[in-house]
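Colleague: Quick one: the structure is below, questions incoming.
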Amino acid sequence: MIKKVHYSLNKLNQKLGISVTLPVPTKRSLKRSQYANGMIATGCLFLSVPFSSKLLLGIGVLSVASIVVTQMEIKALDE
């Protein structure tokens, strides 16, 4: 997915005459992102229970979803 987005954005940049290339994330940077999302998910889900906060619960769920998507992207980079 990341490769498709980079290809599309670079193609658009060429058409617009913009000479900016997007950096391709490394496996290490994706793992760091996954770790940070894990910390955010843990904190938000933990705090959503005593405070009965739907917002914190939502952020926690989105962070968990981000961890799953990032894991799929890491596997795609290995291929």
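Colleague: Are there DSSP H segments in the chain that both extend 20 Å or more along their axis (alpha-carbon positions) and score a mean Kyte-Doolittle hydropathy of at least 0.0? List them, or say none.
Modeller: 27-51, 54-78
Colleague: Right, next: Could you give the accessible area per residue of the stretch 1-78, probe 1.4 Å, as a whole number in Å²? The partial results should precede the final answer.
Modeller: Values: 6010 Å² over 78 residues.
Solvent-accessible surface per residue comes out at 77 Å².
Colleague: Carbon and sulfur: what percent of the chain's accessible surface (1.4 Å probe)?
Modeller: Looking at the chain in its full context, I get 69 percent from C and S.
Colleague: Put +1 on the Cβ of every Lys and Arg and -1 on every Asp and Glu Cβ in the chain; which of GLY60, THR42, VAL24 then has its Cα farthest towards the positive end of the dipole?
Modeller: Going by the Cα projections, it comes out as VAL24.
Colleague: Between LEU55 and GLN14, how high is the FRET efficiency from 1/(1 + (r/R0)^6) when r is the Cβ-Cβ distance and R₀ = 35 Å? Nearest 0.05. Each step should come with its number before you reach the end.
Modeller: Details: r = 41 Å, r/R0 = 1.16.
Plugging the Cβ-Cβ distance into 1/(1 + (r/R0)^6) gives 0.30.
Colleague: Could you grab the relative contact order for the chain? Cα pairs under 8 Å, six or more apart, rounded to a whole percent.
Modeller: Relative contact order here is 30 percent.
Colleague: If you wrap a convex hull around the Cα atoms of the chain, how much volume per residue is inside, in Å³?
Modeller: Spread over its residues, the Cα hull of the chain gives 102 Å³ apiece.
Colleague: Something else now. Any idea what the dipole of the chain comes to, in debye rounded to 20, about its Cα centre with Lys/Arg Cβ at +1 and Asp/Glu Cβ at -1?
Modeller: Using only the charged Cβ atoms, the result is roughly 200 debye.
Colleague: Grab the DSSP H runs of the chain that are 4 residues or longer, score each as -39,500 (n - 2.57), total them, divide by all residues and round the 222 nm result to the nearest 500 deg cm²/dmol.
Modeller: Here the helix-only value at 222 nm equals -28500 deg cm²/dmol.
The values are calculated or read from the model by the stated rules, or taken from the named source; none is laboratory data. Since the structure is predicted, the reported quantities are computational estimates derived from the model, not experimental observations. Neighbour counts run over all protein chains shown; Cβ positions are idealised from the backbone, glycine included. These accessible areas exclude ligands, DNA and RNA; they are computed on the full protein's heavy atoms, side chains included. Shrake-Rupley method; radii C 1.70, N 1.55, O 1.52, S 1.80 Å.
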